[in-house]
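**Student:** After the structure tokens below, expect a handful of questions from me.
The values are calculated or read from the model by the stated rules, or taken from the named source; none is laboratory data. Since this is a predicted model, take the numbers as computed values, not measurements. Neighbour counts run over all protein chains shown; Cβ positions are idealised from the backbone, glycine included.
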Amino acid sequence: MCAAVGALPDVSGRGEELTISRSGVEEVYQGRCWSGMSPGHLAVCLPGVVLGTGGVAWFVAGLDRVSPSHLRAALVVLAEASAEHPRLARLMAEVGQDGAAGLARAGLVVARQSTRPQPLVAMLLRLIRTTDDPETVNLVVSLLPRRSTVLGTVAVAALERQVGALRTLGNDDPALANALRDWSVRLRELGRAEAALVAGQEAATICRSLIERDPDAHQPALADALDNLALCHAAAGSPREALVTAQEATRMCRELADRDRQAHRGRLGSALHTVALCLGGVRRRGEALELAEEAAELYRGLAEPTRRGYQSELASVVTASAHQLTGLGRHREALERTKEAARIRRRLTRQDTDAHLPDLAWSVLLLARQFAALGEQADAFRHANDAVRFYRSLAEQSPDLYQANLASSLLTLTSALAMAGRRKAALEHAEEATRLYRHLELASSDRYLPALASAVNNLATTLAASGRTEEAIGHAQEAVRIRRALVRRDPDTHQAALASSLHNLAKRLRSLGRTEEATRPAQEAAKIYRRASEARGARSLLPG
């Protein structure tokens, strides 16, 4: 941020002092617009004038007379002051189209660095949705960072407008296919899986029609579209469609790399990463690990100090390798891979928090779980605590996107606290995680039901450890009810979890001397475990 911003005084808590008349400011500045204010006076006067007689019109009138750095400083002041004055945030959202390009440029920069980005995001969304100038939309799209937590909704809105404008040029335009793919990526990153899938499918369809005319020119775009489409299928809960699409993208990228390896190494690395994720999604872990390792090798060659753009990709594919190693029972190797990914992501987060904090939070959460699995409880607790702190920060900015991650990290921290004998703290976190999952489940159509069952089961265990066994039994019974419903829909996925909840319920009942009641859930759990063991034995006898 410009040096002027560092000189801005704190405007919070000024109360009525901020309501300064326009005439009073003009008397001080002899009729000049706010472009003549020093940074200090900007902080004191600007919010008051916008709130008072000046309004948004006075602010907008000065846009064509200020430097980019002064405009950024002004937006910092207004965003920070809006915390004490909610009406100021509403006024900022009413900024019209005058000076839209300058406001967009400044707003995109300041929003990512502000502690209060919401008013700036609202301003940008209004500019995008109300402008009649496609060049303003194109400007926003061109200035968007590749990744941003703060600007996710802005990116989706801008790309939606761009797609709409490009449709008027025809449905076989390469630019439309690219915009649809980019829109699909941003929708998927916001958790809007179904909308992302629709846009991704359209992008791939256009690319297929283009490749019939000129394969050499359009094969890279089709490979990229298929790579994204595979991830969309996976996010929408269609793992087999995801795998078929990812395999097609990978074959295409191998062909491109065979013709020009230097030009297409990054594209091949992305496709290999995606197909590894999709293989993992259908439990073909050995194949998934092999391809993830191949992708990592490619990215290691690209992610040299002079080519930092591939550091994030390298961290992601190393994390994918760690996930498959965990599934194969190779926990120590998985831990080393996750440590490597976390080191990269810590470095990237120091450079750009908005872009890389979500990935770092995920790596830290994985480290907590892996340390716990290896019995290294002190490290598990430290990383779980960090993960909760990171996800709290992210959930404050984007609750719809990160509340589930916060709840998951709280459960991990609950286990670490319980292992350390800190039962009161463990119970507090278990209760918070359960509340979050209940809220998420109410707002979705059973998407979070398995997670809610895990949280309720965990809460039952934590209550029992705190001596509150009667309450624990109620939650254990609820976990059994939820998991029975899940087993009716998908037995293979949820049978083991149901057995765990039945075992938990039986254990709680026995601890209160209710032995007869405990017999039935205990027997049912044993029956499920026995069937699973027999199925594993039968599979081990199969050829190949």
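**Student:** Considering each residue of region 350-382, count those that are crowded, with 20+ Cβ neighbours inside 10 Å and β-branched (Val, Ile, Thr), and give that number.
**Tutor:** Number satisfying all stated conditions: 1.
**Student:** Looking only at residues in region 504-523 that are crowded, with 18+ Cβ neighbours inside 10 Å and out of contact with any His (no Cβ under 8 Å at 6 or more places or on another chain), which one is farthest from ASN457 (Cα to Cα)?
**Tutor:** For region 504-523, the residue satisfying everything is ALA518.
Yes/no per residue for (1) of a type in the set (Ser, Thr, Tyr); (2) free of Cβ contacts under 8 Å to residues at least 12 places away in the same chain; (3) in contact with a helix residue (DSSP H, G or I) (Cβ under 9 Å, 6 or more places away or on another chain):
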position: ALA296; (1), (2), (3): no, no, yes
position: TYR299; (1), (2), (3): yes, no, yes
position: LEU302; (1), (2), (3): no, no, yes
position: GLY329; (1), (2), (3): no, yes, no
position: ALA334; (1), (2), (3): no, no, yes
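**Student:** Residue by residue through region 304-328, note down the ones that are assigned to a helix (DSSP H, G or I), under 21 Å from GLY266 (Cα atoms) and over 16 Å from the mean Cα position of the chain (by Cα).
**Tutor:** Of everything in region 304-328, those that are assigned to a helix (DSSP H, G or I), under 21 Å from GLY266 (Cα atoms) and over 16 Å from the mean Cα position of the chain (by Cα) turn out to be ARG308, GLY309, TYR310, GLN311, LEU314, VAL317, VAL318, ALA320, SER321, ALA322.
**Student:** Can I ask one more? Just to check your reading of the model, which residue among THR461, THR434, THR493 is in a helix (DSSP H, G or I), of a type in the set (S, T, N, Q) and over 26 Å from LYS527 (Cα atoms)?
**Tutor:** Just one listed residue meets the conditions, THR434.
**Student:** Next up: Checking SER148 against (1) in a helix (DSSP H, G or I); (2) closer than 30 Å to HIS85 by Cβ; (3) small (Gly, Ala, Ser), which single condition isn't satisfied?
**Tutor:** Only one criterion is unmet by SER148, namely (1).
**Student:** Pairs, please: C-beta under 8 Å, at least 6 apart or cross-chain, first residue free of Cβ contacts under 8 Å to residues at least 40 places away in the same chain and on the phi < 0 side of the Ramachandran plot and in region 482-502, second among the basic types (Lys, Arg) and part of a helix (DSSP H, G or I)?
**Tutor:** Matching pairs, first to second residue: GLN495/ARG531; LEU498/ARG483; LEU498/ARG484.
**Student:** Moving on. Looking at VAL140, VAL77, which is the one that is within 27 Å of ASP359 (Cα to Cα) and assigned to a helix (DSSP H, G or I)?
**Tutor:** VAL140
**Student:** Please indicate, with yes or no, whether at least one residue in region 112-131 is in contact with a Pro (Cβ under 8 Å, 6 or more places away or on another chain) and assigned to a helix (DSSP H, G or I).
**Tutor:** For region 112-131, residues in contact with a Pro (Cβ under 8 Å, 6 or more places away or on another chain) and assigned to a helix (DSSP H, G or I): present.
Table: residues versus (1) aliphatic (A, V, I, L, M); (2) touching a strand residue (DSSP E or B) at 6+ places or on another chain (Cβ under 7 Å); (3) modelled with pLDDT of 95 or more.
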position	(1), (2), (3)
LEU360	yes, no, yes
LEU367	yes, no, yes
HIS383	no, no, yes
PHE390	no, no, yes
PRO399	no, no, no
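**Student:** While we're looking at this one, here's another question. Can you find, within region 444-472, the residue that is surrounded by the most Cβ atoms within 10 Å (Cβ to Cβ) among those that are among the β-branched types (Val, Ile, Thr) and under 17 Å from ALA497 (Cα atoms)?
**Tutor:** Taking the candidates together, the pick is VAL456.
**Student:** Would you point out which residue out of ALA476, ALA472, ALA506 is without any contact (Cβ under 8 Å) to a residue 24 or more places away in the chain, more than 16 Å from PRO450 (Cβ to Cβ) and in a helix (DSSP H, G or I)?
**Tutor:** Numbers: ALA476 fails: without any contact (Cβ under 8 Å) to a residue 24 or more places away in the chain; ALA472 fails: without any contact (Cβ under 8 Å) to a residue 24 or more places away in the chain.
Answer to the selection: ALA506.
**Student:** Taking the conditions exactly as written (surrounded by 15 or more Cβ atoms within 10 Å (Cβ to Cβ) and farther than 26 Å from ARG283 by Cβ), does ALA430 satisfy them or not?
**Tutor:** yes
**Student:** Taking the criterion of being in contact with a Leu (Cβ under 8 Å, 6 or more places away or on another chain), surrounded by fewer than 22 Cβ atoms within 10 Å (Cβ to Cβ) and aliphatic (A, V, I, L, M), would at least one residue in region 198-212 satisfy it?
**Tutor:** yes
**Student:** Right, another one. Can you name the residue in region 315-349 that is crowded, with 22+ Cβ neighbours inside 10 Å and of a type in the set (Lys, Arg) and, of all such residues, is nearest to ARG116 (Cα to Cα)?
**Tutor:** Here the residue is ARG345.
Residue by residue, here is whether (1) in contact (Cβ under 8 Å) with a residue 40 or more places away in the chain; (2) within 20 Å of GLU212 (Cα to Cα); (3) touching a Pro at 6+ places or on another chain (Cβ under 8 Å) holds:
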{"site": "VAL156", "(1), (2), (3)": "no, no, no"}
{"site": "GLU160", "(1), (2), (3)": "no, no, no"}
{"site": "LEU166", "(1), (2), (3)": "no, no, no"}
{"site": "GLY170", "(1), (2), (3)": "no, yes, no"}
{"site": "ASP173", "(1), (2), (3)": "no, yes, no"}
{"site": "ASN178", "(1), (2), (3)": "yes, yes, no"}
{"site": "GLY191", "(1), (2), (3)": "yes, no, no"}
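Conditions tested, residue by residue: (1) of a type in the set (A, V, I, L, M); (2) modelled with pLDDT of 95 or more.
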position: ASN457; (1), (2): no, yes
position: ALA476; (1), (2): yes, yes
position: VAL480; (1), (2): yes, yes
position: ARG484; (1), (2): no, yes
position: PRO491; (1), (2): no, no
position: LEU502; (1), (2): yes, yes
position: SER511; (1), (2): no, no
position: GLU516; (1), (2): no, no
